[in-house]
Amino acid sequence: MPTASKGLKLHYKEEMNFREIKTGDSISIGKRSLHFITTPMVHWPDNQFTWCPEESILFSNDAFGQHIASSERFANELAPGIVMEEAKKYYANIVLPYSKQVQKVLDLAAPLPIKMICPSHGVIWTEDNIGDIVGAYKDWAYNVSDQKQALVIYDSMWKSTQMMAGAIAEGFEEIGIRAKLLNLQCNHISDIMTDIIDARFIAVGSPTLNSSILPTVAAFLYYLKGLSPKDRIGLAFGSYGWGGQSIPILHQMLGGAKECGFEMLEPIKHQYIPSKEDLHKIKENLITQVKAKLEES
Ligand SMILES: Cc1cc2nc3c(=O)[nH]c(=O)nc-3n(C[C@H](O)[C@H](O)[C@H](O)COP(=O)(O)O)c2cc1C
């Protein structure tokens, strides 16, 4: 591909003699042949699929990859849960912004009688599990999430926002939505992104610090914005002392950005430390809003 030769020359800073390919080109390597399908931006400009029809092998480049480095070579040699979770983590953190391109690529691969998928990262998919990974890619590429799952992501200096997070999680649970509490002090943003693949409701909380949000929450939101998951329902919440600027900042970052553009619930904020009654009100507020949203959809 021209993008590949250009990138390699820029990277290695030397002239190299390439034959550039385009979709439909093929070469014979003796008994077998390699056929090329360009798949730009899944997830680099020079990505391509290579199809070997004699063996029914698809060399899928970044698509269907995982960050697994094991002595096992095939997905069916590892516990299925581990491989699918790692494939989901890879999608969430690497491929997600290019979901539109993945949709096209899935259509291109659909007619191929694939017996094996060899991605450029991780273990090889065989007939035992090709259906599972291709099925999962269809859901991920089309932003299918589970409206029975919520994430409550937060950080807190003195635990007021943490208490609010607990009340919000309880509210979700009370109406049958599984809620996962994720404190940014002890959950890595790449693991949180993996959970975002499944969850429809994404609540993010921060107290106000110096008219802004906590740096941990800001780091997470910038990472989220780059990966730009779609079709989620967001909620901004947090405790504050006087100005309460964290709440509009969170609301804007989750709902206003072109990259995220979540449909937003009304923010939930609380001045200083919430009492037992305050926490009850926060929970009821959440329940009322979520029920209304579910009825709308
Ligand atoms: C260093 C520092 C700076 C703060 N800056 C602000 C501020 O600019 N605006 C505001 O409304 N509250 C501010 N607060 C107050 C906190 O937002 C408030 O105490 C809140 O309840 C803390 O929530 P937490 O227990 O979840 O950390 C500040 C607190 C600290 C310690």
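FYI, it's all coordinate maths here, none of it is from the lab. Note that this is a predicted model, so its numbers are computed, not measured. Here the Cβ is made from the backbone with ideal geometry for all residues, glycine too, and neighbour counts use every protein chain on show.
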**OP:** Assign unit charges at the C-beta atoms only (+1 for Lys and Arg, -1 for Asp and Glu), then state the dipole size of the chain relative to its Cα centre in Debye, rounded to the nearest 20.
**Re:** 580
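GluC sites (Glu not before Pro), restricted to the stretch 1-106: which are DSSP loop and have at most 15 other Cβ atoms within 10 Å? Numbers along the way, then the final one.
Numbers: sites: 14, 15, 20, 54, 55, 72, 77, 85, 86; in loops: 14, 15, 20, 54, 55, 72.
The qualifying sites are 14, 15, 20, 54, 55, 72.
For the chain, what does -39500 (n - 2.57) per DSSP helix run (n ≥ 4), summed and divided by total residues, give at 222 nm, in deg cm²/dmol to the nearest 500? Each step should come with its number before you reach the end.
On the way: 9 runs with 112 residues, N = 297.
Taken over the chain, the calculation gives -12000 deg cm²/dmol.
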Original post:
How far, in nm, would the chain grow between residue 222 and residue 3 when pulled straight, counting 0.36 nm per residue and subtracting the alpha carbon separation?
Top reply: 76.0 nm
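Counting only other residues whose beta carbon sits under 12 Å from that of residue 134, what net charge do I get with K and R as +1, D and E as -1?
Details: positive: 138; negative: 107, 127, 132, 139.
Its environment carries a net charge of -3.
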Original post:
Shape of the stretch 179-250 from its Cα gyration tensor (a ≥ b ≥ c, root eigenvalues): rounded if a/c is under 1.5, otherwise prolate when a/b > b/c, or oblate?
Top reply: prolate
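What does the charge add up to near residue 173, with Lys and Arg as +1, Asp and Glu as -1, over the other residues with Cβ less than 12 Å from its Cβ? Could you put the intermediate results ahead of the total?
Details: positive: 148, 178, 180, 283; negative: 170, 174.
Net local charge, residue 173 excluded: +2.
R0 = 51 Å: FRET efficiency of residue 28 with residue 263, Cβ-based, nearest 0.05?
Values: r = 53 Å, r/R0 = 1.03.
Step by step, r from the Cβ atoms, then E = 0.45.
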Subject >> Among 201-207, 147-153, the order from most to least packed when residues are scored by Cβ within 10 Å on average >> reply: 201-207, 147-153
**OP:** Using Cα pairs closer than 8 Å and at least 6 residues apart in sequence, work out the relative contact order for the stretch 140-217, in percent.
**Re:** 45
Original post:
How many nm is it between the label spots at residue 76 and residue 157, if each spot is 7 Å from the Cα in line with the beta carbon?
Top reply: 5.7
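What is the packing order of peptides 32-44, 238-250, 107-119, taking the mean over residues of other C-beta atoms within 10 Å and listing the highest first? If you can, show how the numbers build up before the last one.
Values: 32-44: 18.0, 238-250: 19.6, 107-119: 14.8.
Top of the packing list down: 238-250, 32-44, 107-119.
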Subject >> Candidate aspartates and glutamates - alpha carbon under 20 Å from residue 115, same-chain residues fewer than 8 apart omitted >> reply: 54, 55, 62, 72, 77, 107, 127, 128, 132
Original post:
Top mean-square fluctuation among 190, 145, 70, Gaussian network model of the chain, C-alpha springs under 10 Å?
Top reply: 70
Original post:
Separation of the stretch 102-122 and the stretch 65-83 by C-alpha centroid, Å?
Top reply: 18
